[in-house]
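All of the numbers you see were taken from the coordinates with simple rules; none came from a lab. The model shown is predicted, which means the values in this text are computed figures rather than measured ones. Don't worry about glycine lacking a Cβ; one is built from the backbone with ideal geometry, like all the others, and counts go over all protein chains shown.
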Amino acid sequence: MEEISLRGMVSLAFLKKERFTGSYGTMRYMLCMEEGRLKAAVYPGPYCWEETPDDQKITEIFEGSALGLKSAVKWLNKMYDKSLKEKE
């Protein structure tokens, strides 16, 4: 089974300066640093982060470290799997 992998695409140094958005299937996601912590969010397509209503976004906060980034990617994959099961 394929899964989201951000290896080589995003780093903590990047996230300290910029927000990172992406998509996997019909699920959109966003990662950013806020107050030293990593914020991850998922939301439905087709719209971008700014145009998606806040009540459609699911957010989780992680440690602002390499381990936190790894945990966030695992969470993104878990949320994608959950969205697939809800469609069945």
Item checked: ³J(HN,Hα) computed for each position of the range 9-25 - Karplus, 6.51 cos²θ - 1.76 cosθ + 1.60, integer Hz, glycine/proline x -> 9, 8, 9, 5, 4, 5, 5, 6, 10, 9, 7, 10, 10, x, 9, 8, x
Next item on the list: Using only Cα atoms, tell me the angle between helix 66-87 and the longest principal axis of the chain; keep it within 0 to 90° and round to the nearest 10.
Entry: 10 degrees
Item checked: Rounded to the nearest 20 debye, dipole of the range 12-87 from Cβ charges on Lys, Arg, Asp, Glu -> 340 debye
Next item on the list: Over the range 12-87, calculate the relative contact order: mean separation of alpha carbon pairs under 8 Å at least 6 apart, over the residue count, as a percent.
Entry: 25 percent
Checklist line | Partner aspartates and glutamates for residue 82 [C-alpha distance under 20 Å; skip if fewer than 8 residues away on the same chain] | finding: 2, 3, 54, 55, 60
Next item on the list: Can you tell me the alpha carbon radius of gyration of the chain divided by the globular rule-of-thumb value 2.2 N^0.38 Å?
Entry: 1.04
